[in-house]
Amino acid sequence: MTIRTLVITSSILGENGQSKALAEHFIDQARGRDDLEVTFRDLVADELPHLGLTELGSWQVANEESTAEQRELASRSEKLIDELRVHDVIVLAVPMYNFGIPSQLKAWFDRVMRAGVTFRYTENGPQGLLEGKRAVILAARGGQYAGTEKDTQTPHLKLMLGMIGIGEVDAVFAEGLAMGEAKRNASLKEARQAIDGLVQRL
Ligand SMILES: Cc1cc2nc3c(=O)[nH]c(=O)nc-3n(C[C@H](O)[C@H](O)[C@H](O)COP(=O)(O)O)c2cc1C
């Protein structure tokens, strides 16, 4: 069985970003397995605008009543959700910017988290509608916060993924990247080793 993997990058540093380097390491390791198929989505090279009212409204209009502009706007979210649906493993390469995720990645979540499409509200609370998927977070950070209350980024990501039905999430951290060369090198090495282990277990 082929494991279809969607790798989503969101560093404004592009090729020089450490999260992108971790994603590339993941792919290099994954290519060693012949049952993995990889798709790339770079949310900075292919940037989404902030979600606005006109686009939000385009989701509510029935297809037969919608204008060409509304269909075009609605297709932005539909294409991203379709892409998500056909992949089994979602790899999010995530820089930390001001304790949060890049706004480009938030714009992606704003398109794929849709009530009635990827989750629904029930009497018992929200229910995710995507099934059989898992996610891997590859986090790059200048400081060191994993496992502390200052890391609000990881719970935020897990909450959003869980909301749409992706409850199985592994996280690899490359931290302290701005805390001197020795720390940076050790941290990147450790993260690459953690990725190697993860790819074997996919
Ligand atoms: C605008 C901006 C904000 C940042 N904010 C934080 C932060 O809040 N905490 C932190 O640990 N590092 C912060 N950093 C450092 C980045 O997390 C670090 O450079 C990391 O390598 C970013 O991932 P990237 O190399 O893939 O872009 C920030 C960097 C930038 C450019």
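Key figures
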| quantity | calculated |
| --- | --- |
| Region 37-62, subset part of a loop (DSSP other than H, G, I, E, B) and among the hydrophobic types (A, V, I, L, M, F, W, C), residue least open to solvent (accessible area, probe 1.4 Å) | L43 |
| Contacts under 8 angstrom Cβ, first residue in region 82-103 being within 22 Å of G14 (Cβ to Cβ) and among the charged types (D, E, K, R), partner open to solvent by less than 70 Å² (accessible area, probe 1.4 Å) and away from the ligand (no atom under 13 Å from the Cβ), 6 or more apart | E83/L6; E83/T39; E83/R41 |
| Filtered residue count, region 60-111, keeping only those that are at pLDDT below 95 and closer than 29 Å to I137 by Cβ | 0 |
| Selected residue (only one of E69, E15, E78 is over 25 Å from L159 (Cα atoms), open to solvent by 60 Å² or more (accessible area, probe 1.4 Å), away from the ligand (no atom under 16 Å from the Cβ) and more than 15 Å from the chain's Cα centre (by Cα)) | E69 |
| Some residue of region 103-116 being touching a strand residue (DSSP E or B) at 6+ places or on another chain (Cβ under 7 Å), of a type in the set (S, T, Y) and farther than 24 Å from L36 by Cα | no |
| R141 vs. criteria open to solvent by 30 Å² or more (accessible area, probe 1.4 Å), of a type in the set (K, R) and within 16 Å of the ligand (Cβ to nearest atom) | no |
| For K158: the one exception among (1) in contact (Cβ under 8 Å) with a residue 40 or more places away in the chain; (2) out of contact with any helix residue (DSSP H, G or I) (no Cβ under 9 Å at 6 or more places or on another chain); (3) of a type in the set (K, R) | (1) |
| Close pairs (8 angstrom Cβ cut-off, 6 or more residues apart or separate chains): within 12 Å of D196 (Cα to Cα) in region 21-40, more than 16 Å from the ligand (Cβ to nearest atom) and of a type outside the set (V, I, T) anywhere | F26/L198; Q29/D196; A30/L36; A30/L202; R33/L202 |
| Candidates I164, I101, filtered to the one that is within 11 Å of the ligand (Cβ to nearest atom) and crowded, with 18+ Cβ neighbours inside 10 Å | I101 |
| Failed item, numbered, when A171 is tested on (1) more than 16 Å from the ligand (Cβ to nearest atom); (2) open to solvent by 30 Å² or more (accessible area, probe 1.4 Å); (3) of a type in the set (A, V, I, L, M, F, W, C) | (1) |
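The values are calculated or read from the model by the stated rules, or taken from the named source; none is laboratory data. These numbers come from a predicted model, not from an experiment. Positions of Cβ are generated from backbone atoms using ideal geometry, with glycine treated the same way; all protein chains shown enter the neighbour counts. The accessibility values were calculated without ligands, DNA or RNA, using every heavy atom of the protein model including side chains. Shrake-Rupley method; radii C 1.70, N 1.55, O 1.52, S 1.80 Å.
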